[in-house]
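Okay, structure first, notes after.
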Amino acid sequence: MADNTTPTPTSFQVPAYTARGTARDSVALPDATFDGTVNVPVMHQAVKAFLANQRQGNAATKIRKYVVGGNQKPWKQKGTGRARQGSTRAPHWVGGGTVFGPIPRSYAQYVPRQVRALARKSALNARARENSIVIIDRFEFDAPKTSRLKALIDTLGIADNKVLILTDGSKQNVFLSGRNLPTVHVMPYSDVSTYHILWSDVVLIEASPLGVTLAFFVERGATPEKPKRNTPAKSAPVAKKAAAPKKVAAKKAAKKAPAKKAAKKAAKKSTAKSAKKKGKK
């Protein structure tokens, strides 16, 4: 591949699919981004800077002044027959300090914004020249589902490749669906870097961030989800429990009713007897 390739006169035609893997008509990529330019030196610079910026630079060793001990001479200067020594923490002693060892430092490299943009554009064009770009109309995941995303990759026949999925903005459900797949990486289209594009073998791009408009499409194989069976409401047992004291109260009231009637009759009889006694007197 040449370092600087000239733009191709014709636009790239790439296949398009739905999120369930149903094939659609091929789509022409926008010429503003996919003009065929591939700048290899710029891509190399961007990838090298990306990898360098991932380094933490925590490696550290101690020079002789930071090693504990060694404040006294191990023996006197003269008279022992041995070489003169000033400290047991000198670099040539076991346990001594390190000479020219690594110290904490920053490995960050700065790449101008326009250079990063050119490298990213070149990487996308390189994948387009290899027919490794696929358009997906839209990702609509109601909940994270790894099996659904894996089914799409299997349907496209790219299960053995490293797949980069670029979504329109941050889509948490799509990200969580692909997080457990070792060869799949999901990220927003606006956040993709040259390294991620060149890492992948196939790039799945959602249509909307590219400015590609696709007509409304109804999938034949899509079946509506079966409604869930009607389950008794959780509040039903509570209602039964609430109704139970009322029944008990009604039964107690029914039991007390005859007793009340008998008490009334006894009261009437007692009043009648007292009235008769008064009349006799």
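Derivation of every value follows stated rules applied to the coordinates shown; laboratory data play no part. Just so it is clear, the model here is predicted, and its values are computed rather than measured. For neighbour counting, all protein chains shown are included, and Cβ atoms are generated from backbone atoms with ideal geometry for every residue, glycine included.
A few comments on the model shown:
- Taking 0.36 nm per residue of sequence separation and removing the Cα-Cα distance, the V111/T61 pair yields an extension gain of 15.0 nm.
- The relative contact order of region 166-212, computed from alpha carbon pairs under 8 Å that lie at least 6 residues apart in sequence, is 47 percent.
- Within region 96-181, trypsin sites (Lys or Arg not before Pro) in DSSP loop having at most 16 other beta-carbon neighbours inside 10 Å: R105, R138, K145, K162, R179
- Amide N proximity, region 86-102 versus Q77 label position 7 Å along Cα-to-Cβ, cut-off under 19 Å: 86-90
- For Y189 and K48, the FRET efficiency from 1/(1 + (r/R0)^6), where r spans their Cβ atoms and R0 equals 22 Å, is about 0.40.
- Stokes-Einstein D in µm²/s, Kirkwood radius over Cα pairs - region 1-131 at 10 °C with 1.306 mPa s viscosity: 77
- Put a dot 7 Å past the Cα of T98, heading toward its Cβ, do the same for Q13, and the two dots end up 6.1 nm apart.
- Based on Cα atoms of region 150-193, Rg over Rh with Rh as the Kirkwood radius reads 0.96.
- Total formal charge among the other residues, if their Cβ is under 14 angstrom from that of Y110, Lys/Arg +1 and Asp/Glu -1: +3
- Think of each Lys and Arg Cβ as +1 and each Asp and Glu Cβ as -1; about the Cα centre, that makes the dipole of region 50-162 roughly 1280 debye.
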